[in-house]
Structures are given as C-alpha cells and as structure tokens.
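Since every read-out is calculated from the coordinates, none of them should be taken as a lab result. These figures come from a predicted structure and were not determined experimentally. A quick note on method: Cβ atoms are made from the backbone with ideal geometry, for glycine too, and the neighbour counts reach across all protein chains shown.
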Amino acid sequence: MVKSMTTPPATKKATVPTRSSDRPNVQRPGEESVPIMKMRPTIKYEADRVRGFGREIMSVPGCEQLQSCIQCGTCSGVCPLSIYMDHTPRQVMALTRADFKNEVLRSRTIWLCASCYACTVECPQEIRITDIMYELKQRAILEGIFPKRFPIPILAYDFSEMVKKNGRITEMILVIKLFMKTSWLAALGNWRLGIDLIKTGRFSLVTEKIKHHGDIARMMDAVDDQKGS
Ligand code: SF4
Ligand code: SF4
C-alpha cells in the first residue's frame, strides 16, 4: 500500500517572547517560578532633592529631634510592618532629613504605618518617628500625592472633611464613600456585614451632627493654615 504524499501539517514555530509583557506569568511543569520584578533605580541624585523639605518637617512641633537620627535601624527592626514597606522607617527618616521629598511622599511606607509607636518607644535618640510619619501623611494629602485608589489617604481625607462639616463622622456614609472611591467589589463582598451593623444600630443611616460644629471647622482650618495649605 502506498502512503499518500500529503504535505505534513505545519509545526508551530516556537517563539521566544522578547518583552516581559509577552510572557505570561505561568509556571510550567519543570520550570522554576520567577516572579517578574519591578525595576526601580536605587541611586539618589542631588537633583532629586527638594531643598528645605527636611528643615520644614523638622520645624513642626514634635519632629525636631529628627536632626539627631544616628541611622541605627532600631525603628526598622521593631516595626511590625517594615517587611511590607518600600522604604523602612530608618530610610524614611534619612530621606526626609536629606530633602528627598518626592521619594518620601510617594512612598507606601507612610500609609502602611499603623501608628503602633513601637519605633518611637525604642528609638535611642527619642525621635518621634510615628509623629513624623503623621506629618508626612498630612503633607502627602495636602499636596495630593498618594497612590491612586489607596484606601488609607482617601479615608483620612474624607474623615477630616466630615468632621469639619458636621463635627463628627457618620460611619455608614464614610464607608460608602470609601468603597465608591476605591473598590465597589469590596463593597459587594461586605454587604452582609453592613446590614448586620445597621440592624444592631452600629451604623446610622442618618447624618450625625454635633452642636457648634462650626467651632471645630474653624480650629481645623487654623491648623491647615499654619501648615500653609
Ligand atoms: S531608631 Fe531613631 S536613631 Fe535609630 S534609625 Fe530610627 S529614627 Fe534614627
Ligand atoms: S509606628 Fe509605624 S513605623 Fe513605627 S513601628 Fe509602628 S508601624 Fe512601624
């Protein structure tokens, strides 16, 4: 019997992806998983400094001691969240003092800081690291520099706006605003909890206000004015 002379099916030509976007991040059998790295320059240039930024921060009451940081790293060692931070607390202190304003205000570290005060308690130079983190967060909010759709700065901003307006917050409205500005999917995942909180009276559906709330607004505005907003 004679085999028919048909053209063999074209074999698929193996192509080597050249760009990282061409390579699906999938582990194949026998392959080691290599996560795609985000490259970031680690060198700081003189031109990146914003002269006077460190001095400005150190002029805020409570932040003066930053000048005496000896870069011992105790703050980073005791910080429970430093392993998740892009810059450790020690690095944030050094970058702030050295005027690297943009690097510090764009860092996720200031938003991950949980204000546990462990660093402040342990610092041998009695530097109030947590208060400095607060000051940096406030600066980032005032200048509108924070990661897009990152819940913490959005919550902080809406919280203070609500207190200015009504003298206190209404949790329900605050949470709805937060979900609208960050992730609707998260809201869907938490709807049952929301209903339970309303049922037990923990969430009010009515805007809550205190008497003389204008006085609080004036106080908050005075603080903002002092910071040059
Ligand atoms: S513990 Fe204090 S002195 Fe040491 S690096 Fe941190 S801020 Fe600086
Ligand atoms: S206050 Fe913030 S920076 Fe300091 S140890 Fe706690 S989480 Fe870390």
Practice task
Take each of the peptides 92-98, 102-108, 149-155, 42-48, average the number of other beta-carbon atoms within 10 Å over its residues, and list them starting from the highest.
Solution key: 92-98, 102-108, 149-155, 42-48
Exercise for the section: Work out how much length E64 to R51 would gain on full extension: take 0.36 nm times their residue separation and subtract the Cα-Cα distance, in nm to one decimal. Expected result: 3.0 nm
Exercise for the section: Could you name the aspartates and glutamates whose alpha carbon sits less than 17 Å from that of K148, not counting residues in the same chain fewer than 8 places away? Expected result: D86, E103, D158
Completion exercise
Checking rank on 199-208, 178-187, with mean other Cβ inside 10 Å and highest first, the result is 178-187, 199-208
Handout entry: Under Karplus coefficients 6.51, -1.76 and 1.60, residue-wise ³J(HN,Hα) of region 150-160 in Hz, glycine/proline x
Key = 7, x, 5, x, 5, 5, 4, 5, 5, 4, 5
Exercise for the section: Find the eigenvalues of the gyration tensor of the Cα atoms of region 48-142, then list the square roots of 5 times those eigenvalues as equivalent ellipsoid semi-axes, largest first, in whole angstrom. Expected result: 18, 15, 12
Practice task
Using label points projected 7 Å from each Cα along Cα→Cβ, tell me how many nm separate R218 and Y117, to one decimal.
Solution key: 3.1
Handout entry: Residue order, fewest to most surrounding Cβ atoms within 10 angstrom, among H212, H87
Key = H212, H87
Practice task
Multiply the residue separation of E126 and I176 by 0.36 nm, subtract the distance between their alpha-carbon atoms, and state the gained length in nm to one decimal.
Solution key: 14.0 nm
Problem - Under the Karplus curve 6.51 cos²θ - 1.76 cosθ + 1.60, θ = phi - 60°, whole-Hz ³J(HN,Hα) for region 58-65, x wherever Gly or Pro sits - result: 6, 8, 7, x, x, 9, 4, 5
Practice task
Return D225, D131 ranked ascending by Cβ neighbour count within 10 Å, so the fewest neighbours appear first.
Solution key: D225, D131
Problem - Where only alpha carbons of region 151-216 are counted, the Rg and the Dmax (Å) - result: 12.8, 38
Handout entry: Under Karplus coefficients 6.51, -1.76 and 1.60, residue-wise ³J(HN,Hα) of region 102-111 in Hz, glycine/proline x
Key = 5, 4, 6, 6, 8, 6, 6, 3, 5, 8
